Amino acid sequence: MKKRSWPKWWDWELEFTPHLYKRMDDRNFNELDIRTMLEHAHSFRADIIEGRWIIETRHRKKSWEVIVEPETGCELLIVITAYPVWSI
């Protein structure tokens, strides 16, 4: 199966929100972890909030989602938050 192509904003410079920094403390990950998660992401889909995307990845052998929002005017990919995906 051919890997899905990533949008043009995928290679833009990252910007981290204050919310993300708080979640880093709460969920025990850091900036390097986020960069690694994004580098090894395997898919993406639109979020319920228009203009945002859910990036599906892995961290510490578990599934994670990273929420991003491309800022077209300045070509920044804003990382909103990241969280582990809990299976039921």
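The numbers here are math on the coordinates, done by the rules we state, and not lab data. All values derive from a computational prediction rather than experimental measurement. All Cβ positions, glycine included, derive from the backbone under ideal geometry; neighbour counts span all protein chains shown.
Would you mind putting 71-82, 10-21 in packing order, based on average other-beta-carbon counts within 10 Å, highest first?
The packing order, highest mean first, is 71-82, 10-21.
At TYR21 and LYS62, where each label point lies 7 Å from the Cα along Cα→Cβ, what is the point-to-point distance in nanometres?
Result: 2.4 nm between the two label points.
Quick one: putting +1 on the C-beta of Lys and Arg, -1 on the C-beta of Asp and Glu, what dipole do you get for the chain around its Cα centre, in Debye to the nearest 20?
600 debye
Can you give the local net charge around VAL79? Use residues other than it whose beta-carbon is closer than 12 angstrom to its beta-carbon, Lys and Arg +1, Asp and Glu -1.
Result for the local shell: -4.
So for the chain, what percent of the C-alpha to C-alpha distances run longer than 21 Å?
Considering the chain, 26 percent of its Cα-Cα pairs are separated by more than 21 Å.
Hey, what did the chain get for relative contact order, percent, Cα under 8 Å, at least 6 apart?
This gives 31 percent for the chain.
Which longest run of the chain has no exposed loop site in it, a site being trypsin sites (Lys or Arg not before Pro) in a DSSP loop with at most 16 other beta carbons within 10 Å, and the site itself not part of the run?
The reported range is 5-51.
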